[in-house]
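Chemist: Attaching a single structure in structure tokens format; questions to follow.
None of the figures in this text is laboratory data; all of them are computed from the coordinates on show. What you see is a predicted model; the values in this text were computed from it and never measured. For neighbour counting, all protein chains shown are included, and Cβ atoms are generated from backbone atoms with ideal geometry for every residue, glycine included.
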């Protein structure tokens, strides 16, 4: 049960404004047509591997923040550089999530964008006042429901689509992407999402006492994320002519099935957007003050208000600018973590093997 909780929390971290709405997928994969589908299949393996690695590192170092890991695996100079990049990433993605919350409620209900943004940051602040384990539980609570609805909508749309591959591929290739080709796009996409989630994923491992549970939870969560990427992109590939012009194409797809399906989808997307906003803004704040200290609430409040103020740049525009920049920088950071994980795991394994064969003193 605990590994399922970790897996859903990991999934909840990654499924944010662009992912659950389909906007990320549209720009990163669907726009490359058939080759974009190949990129999504590759992402299943990448997310599964990194889910395992990152959560395992969090468990190994009993991390509450990415700084708890960095301080043990890199030099002070490299620590400061990566720390600054991750902090900017956490806050930048938080802004994207808040913007996505406003777009979601505006598209479905016609509410002012600012109102959806405000509701999102209020929920971030209120839930952030709970203890860390309850925050982790809240982050993963909505993911199973959204996964189920995404699967239903996708299979419904795929079963009724007109599968003229050449025509669908032509429609997809008419879309624009901020990336130059499909394989760089696939790598950049996994990088930006993993870099965004790495701080909270460390926390997932840090609060779990059993190493095997932590590892399995991270692995399962990564595979679930990859499966959803494949499914959502296939659905967008089959329906891009009908939904690509909307900020939240998956929401529009749900509305085309039935208005009540769109209503449920909008609520779930909103809470998944909030999930990611919660995880990144909470992790940003815990990097400066321990969440158990009284001053933490003031920092979280300031962080939330700042994210709200910067969220009015437009959801689609913010994704197209922030995400590629984070993805390119994430290549180096994720590579550093993989090397450090390998290094420390080998040392730990050798130590355990040595301890098991050494004779005990009488």
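Chemist: Hey, can you tell me all the residues within segment 57-70 that are assigned to a helix (DSSP H, G or I) and farther than 19 Å from residue 332 by Cα? Steps first, answer last, please.
Modeler: Residues of segment 57-70 that are assigned to a helix (DSSP H, G or I), as a first pass: 57-60, 66-70.
Answer for segment 57-70, where residues must be assigned to a helix (DSSP H, G or I) and farther than 19 Å from residue 332 by Cα: 59, 60.
Table: residues versus (1) closer than 21 Å to residue 337 by Cα; (2) buried (at least 19 other Cβ atoms within 10 Å of the Cβ).
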{"position": "48", "(1), (2)": "yes, yes"}
{"position": "51", "(1), (2)": "yes, yes"}
{"position": "65", "(1), (2)": "yes, yes"}
{"position": "70", "(1), (2)": "yes, yes"}
{"position": "79", "(1), (2)": "yes, no"}
{"position": "88", "(1), (2)": "yes, no"}
{"position": "111", "(1), (2)": "no, no"}
{"position": "114", "(1), (2)": "no, no"}
{"position": "129", "(1), (2)": "no, no"}
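Chemist: How many residues does segment 71-105 contain that are free of Cβ contacts under 8 Å to residues at least 24 places away in the same chain and either under 22 Å from residue 269 (Cβ atoms) or not in a helix (DSSP H, G or I) (or both)?
Modeler: Here the count works out to 1.
Chemist: Of all residues in segment 116-127, count the ones that are crowded, with 23+ Cβ neighbours inside 10 Å and more than 12 Å from residue 277 (Cβ to Cβ). Spell out the reasoning first.
Modeler: Filtering segment 116-127 down to residues crowded, with 23+ Cβ neighbours inside 10 Å leaves 116-117, 120-121, 124.
Keeping just the survivors that are more than 12 Å from residue 277 (Cβ to Cβ) gives none.
Adding up the residues that qualify gives 0.
Chemist: In segment 288-315, which residues are touching a residue at least 60 places away in the same chain (Cβ under 8 Å) and surrounded by fewer than 18 Cβ atoms within 10 Å (Cβ to Cβ)?
Modeler: Across segment 288-315, the qualifying residues are 290, 292, 297, 301, 305, 306, 310, 312, 313, 314.
Chemist: OK, next. Just checking, which of 138, 101, 161 is touching a helix residue (DSSP H, G or I) at 6+ places or on another chain (Cβ under 8 Å) and crowded, with 23+ Cβ neighbours inside 10 Å? Before you say what the answer is, go through the steps one by one.
Modeler: Numbers: 138 fails: crowded, with 23+ Cβ neighbours inside 10 Å; 161 fails: crowded, with 23+ Cβ neighbours inside 10 Å.
From the options 138, 101, 161, the qualifying one is 101.
Chemist: In contact (Cβ under 8 Å) with a residue 40 or more places away in the chain, over 19 Å from the mean Cα position of the chain (by Cα), in a helix (DSSP H, G or I) and more than 20 Å from residue 278 (Cβ to Cβ): does that describe residue 31?
Modeler: On the way: in contact (Cβ under 8 Å) with a residue 40 or more places away in the chain: yes; over 19 Å from the mean Cα position of the chain (by Cα): yes; in a helix (DSSP H, G or I): yes; more than 20 Å from residue 278 (Cβ to Cβ): yes.
For residue 31, the condition - in contact (Cβ under 8 Å) with a residue 40 or more places away in the chain, over 19 Å from the mean Cα position of the chain (by Cα), in a helix (DSSP H, G or I) and more than 20 Å from residue 278 (Cβ to Cβ) - is met.
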